[in-house]
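The values are calculated or read from the model by the stated rules, or taken from the named source; none is laboratory data. What you see is a predicted model; the values in this text were computed from it and never measured. Ideal geometry is used to build each Cβ from the backbone, glycine not excepted, and the neighbour counts take in all protein chains shown.
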Number of protein chains: 2
Amino acid sequence: MWQPSVAPGAVDRIACVGAGVIGGGWVAHFLARGRRVTAWDPAPDAGDRLRRLVDAAWPALETLGLADGATRDNLTVAATLEEAVADAEFVQESAPEDLGLKSGLLARIDAAAPPGIVIGSSTSGYRMTDMQASAVHPERLVVGHPFNPPYLVPLVEVVGGERTHRAAVTWAEEFYTLTGKTVIVMDREVPGFIANRLQEALWREALHMLDAGEATVAQIETAVTAGPGLRWPFHGPCTTFHLAGGEGGMAHALDHFGPALEYPWTRLASPALTGSLREALVTGAAQVTEGRSTADLITERDRRLIAVLRALREVGA
Amino acid sequence: MWQPSVAPGAVDRIACVGAGVIGGGWVAHFLARGRRVTAWDPAPDAGDRLRRLVDAAWPALETLGLADGATRDNLTVAATLEEAVADAEFVQESAPEDLGLKSGLLARIDAAAPPGIVIGSSTSGYRMTDMQASAVHPERLVVGHPFNPPYLVPLVEVVGGERTHRAAVTWAEEFYTLTGKTVIVMDREVPGFIANRLQEALWREALHMLDAGEATVAQIETAVTAGPGLRWPFHGPCTTFHLAGGEGGMAHALDHFGPALEYPWTRLASPALTGSLREALVTGAAQVTEGRSTADLITERDRRLIAVLRALREVGA
């Protein structure tokens, strides 16, 4: 049975394998949280590019507040993958999205890194089950999927594969959370995880509209940024719908707007609004809004919307 | 040939037909922009509910800045629809989403309002062609679709029906823009317009995931609000993708992530990435980003992201 050799809160030495936009973003994030980072990337000029990326991100991280002792001097660029991970207490892999490449790289990391440490993969949508096949210690391999840029966007989706030990998933959840991330732990492998599936649905509908001449790129961008996109930093689709129901909340919204699920308002067909789906929505909405009144939620929504509108206005957006 | 009887910039008297969440939101918006509003709604307690809604919205509108002379005293509640619209210079209809109800109401408004004024409908997705059938002056009927809450979210989608005169569409575009709205004019009728199609695709994928037990309501909400949702107030899906391509922009992103369009990352299939779709995306992305460098856009994105993160932190989100 696999057991972690280091506690999530004790991790100081992190290895980042792959130092492009995502890997480099992880490097900047971990440095800003006061950790030491050893990075490796096969590109010949990877070290210089990585330092430029970290330098570009640093003012933003300073503005948000660095952890005690955080410094860019804690970055080392290793000459080989094996050197990078040899004494790491956590490894984040951020190679290009290619199943064969990632599986091979994870096997190399697994062979070179201490067996009691967790290895997270930044994959955008592959199942860990499909990537851990060649590993000797697959128990400690997890998906830790970030969003761009990883030094600012808090979300990380964590999920293990069939051969991942539950303790490694829990360890990763705790570790990422301790570095300031907002973590979703999935208990099953779904291609694209959760957030990418949602944004991919929106993206594909946008591509269809563009392809059919129904909207231009500029119209699609404005439709999001001047419209529903303004609410999405604080209300997801379920809370939005719950508020659209007024005092009756989600239940009223489903009665009122439910028929629209059958309208051709996107190319994606809706599931049937069965009793159990309805119940999951009503219960879930009450839970995420903590049973608060619609009037209260509306006041809070408006305060947040105004904060977002004013903040963007102040930075000239 | 239809001609407007009042210039968009000269409109002072606005009638709002339907005073629920959306209609009431429009009332608050127009009052805050210094206009006089006459509202009508068939509900027995509509006047009281409307005044409570406007009172609740007013502090937010004061924070954002009222127009000169804006006051809640400019609100009148009319006893009949006909009285509300008799001397209006613009009418906004916001009845419940029911095609027969809306068509009938628009016909009544059309019969009672001066023939040279524009009438806008808040419909979430009906085609004006299907709603204007019974009107005597269908030339001045347009869709003016807002987002909740209409007193804070700037987007309005404007589109005419087959019998709408082009001059009425242009008039509505100018009028809404002058009241501070961000307007998208569509040159063809697409069910759900643009923004609702995009958010509906996301919503339906969320419903599928919930229905299949792949995600909970809480996970869906966090996936959006802690992840891609943080970028959506300033970057739509195309700009996001353009930046994901690094210095190579959209073209590189399509080469790199294009294959993911065939992955089962949502239940919505993608259109084929043809040469013309690729060209539309590359050209469109360059246009909306004004040909600026990725480095420049990333600096700006980070500034905006930090502004949003800090603003939400300050209001306790």
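Looking only at the stretch A:207-223, filter to residues that are of a type in the set (A, V, I, L, M) and crowded, with 21+ Cβ neighbours inside 10 Å; which one of those is farthest from B:HIS145 (Cα to Cα)?
If we take residues in the stretch A:207-223 being of a type in the set (A, V, I, L, M) and crowded, with 21+ Cβ neighbours inside 10 Å, then A:LEU207 is farthest from B:HIS145 (Cα to Cα).
Does A:LEU152 fit the bill of being within 14 Å of another protein chain (Cβ to nearest Cβ) and either in contact with a Pro (Cβ under 8 Å, 6 or more places away or on another chain) or modelled with pLDDT of 95 or more (or both)?
Against the criterion (within 14 Å of another protein chain (Cβ to nearest Cβ) and either in contact with a Pro (Cβ under 8 Å, 6 or more places away or on another chain) or modelled with pLDDT of 95 or more (or both)), A:LEU152 qualifies.
Select from the stretch B:4-20 the residues that are surrounded by fewer than 19 Cβ atoms within 10 Å (Cβ to Cβ) and more than 22 Å from B:ALA167 (Cβ to Cβ) and list them in ascending order.
Correct list: B:GLY20 only.
Of all residues in the stretch B:80-125, count the ones that are within 14 Å of another protein chain (Cβ to nearest Cβ) and touching a residue at least 60 places away in the same chain (Cβ under 8 Å).
Summing the residues that are within 14 Å of another protein chain (Cβ to nearest Cβ) and touching a residue at least 60 places away in the same chain (Cβ under 8 Å) in the stretch B:80-125 gives 6.
Taking the stretch A:170-206, which residues are surrounded by 23 or more Cβ atoms within 10 Å (Cβ to Cβ) and among the hydrophobic types (A, V, I, L, M, F, W, C)?
Correct list: A:TRP171, A:ALA172, A:PHE175, A:ILE184, A:PHE193, A:ILE194, A:ALA195, A:LEU198, A:ALA201, A:LEU202, A:TRP203, A:ALA206.
Taking the stated definitions as given, is A:THR177 at the interface with chain B (Cβ under 7 Å from one of its Cβ atoms), of a type outside the set (Gly, Ala, Ser), part of a helix (DSSP H, G or I) and at negative phi?
no
Could you tell me which numbered condition A:LEU207 fails, if it satisfies all but one of (1) at the interface with another protein chain (Cβ under 7 Å from one of its Cβ atoms); (2) part of a loop (DSSP other than H, G, I, E, B); (3) closer than 27 Å to A:GLU157 by Cβ?
In the conditions (1) at the interface with another protein chain (Cβ under 7 Å from one of its Cβ atoms); (2) part of a loop (DSSP other than H, G, I, E, B); (3) closer than 27 Å to A:GLU157 by Cβ, A:LEU207 misses (2) alone.
Taking the stretch B:83-110 only, how many residues are out of contact with any strand residue (DSSP E or B) (no Cβ under 9 Å at 6 or more places or on another chain) and not in a loop (DSSP other than H, G, I, E, B)?
Going through the stretch B:83-110 one residue at a time, the tally reaches 6.
Taking the stretch A:262-288 on its own, how many of its residues are under 30 Å from A:ALA206 (Cα atoms) and touching a residue at least 12 places away in the same chain (Cβ under 8 Å)?
Counting residues in the stretch A:262-288 that are under 30 Å from A:ALA206 (Cα atoms) and touching a residue at least 12 places away in the same chain (Cβ under 8 Å) gives 10.
Quick check on this structure: which one of A:ARG35, A:ARG108 is under 23 Å from A:THR164 (Cβ atoms) and charged (D, E, K, R)?
Only one candidate passes the filter, namely A:ARG108.
For residues in the stretch B:136-174 being within 18 Å of B:ALA88 (Cα to Cα) and part of a strand (DSSP E or B), which is nearest to the chain's Cα centre (by Cα)?
B:GLY144
For the stretch B:50-78, how many residues meet the condition of being assigned to a helix (DSSP H, G or I) and either surrounded by fewer than 14 Cβ atoms within 10 Å (Cβ to Cβ) or within 10 Å of chain A (Cβ to nearest Cβ) (or both)?
Summing the residues that are assigned to a helix (DSSP H, G or I) and either surrounded by fewer than 14 Cβ atoms within 10 Å (Cβ to Cβ) or within 10 Å of chain A (Cβ to nearest Cβ) (or both) in the stretch B:50-78 gives 12.
Give the residues of the stretch B:96-113 that are surrounded by 21 or more Cβ atoms within 10 Å (Cβ to Cβ) and within 22 Å of A:GLY258 (Cα to Cα), sorted by residue number.
If the condition is that a residue be surrounded by 21 or more Cβ atoms within 10 Å (Cβ to Cβ) and within 22 Å of A:GLY258 (Cα to Cα), then B:LYS102 is the only one that fits.
Of the conditions (1) at pLDDT below 95; (2) of a type outside the set (Phe, Trp, Tyr); (3) out of contact with any helix residue (DSSP H, G or I) (no Cβ under 9 Å at 6 or more places or on another chain), B:ALA133 clears all except one; give me its number.
Status for B:ALA133: all satisfied but (3).
With the requirement that a residue be within 14 Å of another protein chain (Cβ to nearest Cβ), among the aliphatic types (A, V, I, L, M) and surrounded by 20 or more Cβ atoms within 10 Å (Cβ to Cβ), what does the stretch B:22-45 give you?
Once the filter is applied, which keeps residues that are within 14 Å of another protein chain (Cβ to nearest Cβ), among the aliphatic types (A, V, I, L, M) and surrounded by 20 or more Cβ atoms within 10 Å (Cβ to Cβ), the stretch B:22-45 yields B:ILE22, B:ALA28, B:ALA32.
Condition first: touching a residue at least 12 places away in the same chain (Cβ under 8 Å), within 7 Å of chain B (Cβ to nearest Cβ) and not in a helix (DSSP H, G or I). Now tell me which residues in the stretch A:215-234 satisfy that.
Within the stretch A:215-234, A:PRO233, A:PHE234 meet the criteria.
I need the full set of residues from the stretch A:7-18 which are within 21 Å of A:SER122 (Cα to Cα) and either among the hydrophobic types (A, V, I, L, M, F, W, C) or in contact with a Pro (Cβ under 9 Å, 6 or more places away or on another chain) (or both), in order please.
Result: A:VAL11, A:ILE14, A:ALA15, A:CYS16, A:VAL17, A:GLY18.
Among what's in the stretch A:256-314 and is more than 7 Å from chain B (Cβ to nearest Cβ) and acidic (Asp, Glu), pick the residue that is surrounded by the most Cβ atoms within 10 Å (Cβ to Cβ).
My answer is A:GLU300.
On the basis of being surrounded by fewer than 17 Cβ atoms within 10 Å (Cβ to Cβ) and in contact with a Gly (Cβ under 9 Å, 6 or more places away or on another chain), does B:GLY125 make the cut?
Considered against the rule, which asks whether it is surrounded by fewer than 17 Cβ atoms within 10 Å (Cβ to Cβ) and in contact with a Gly (Cβ under 9 Å, 6 or more places away or on another chain), B:GLY125 comes out as no.
With the checklist (1) more than 7 Å from every other protein chain (Cβ to nearest Cβ); (2) closer than 24 Å to A:ARG278 by Cβ in hand, flag the one item A:ALA212 doesn't pass.
Here A:ALA212 clears every test but (2).
Can you name the residue in the stretch B:224-249 that is modelled with pLDDT of 95 or more and among the hydrophobic types (A, V, I, L, M, F, W, C) and, of all such residues, is surrounded by the most Cβ atoms within 10 Å (Cβ to Cβ)?
Of everything passing the filter in the stretch B:224-249, B:VAL224 is surrounded by the most Cβ atoms within 10 Å (Cβ to Cβ).
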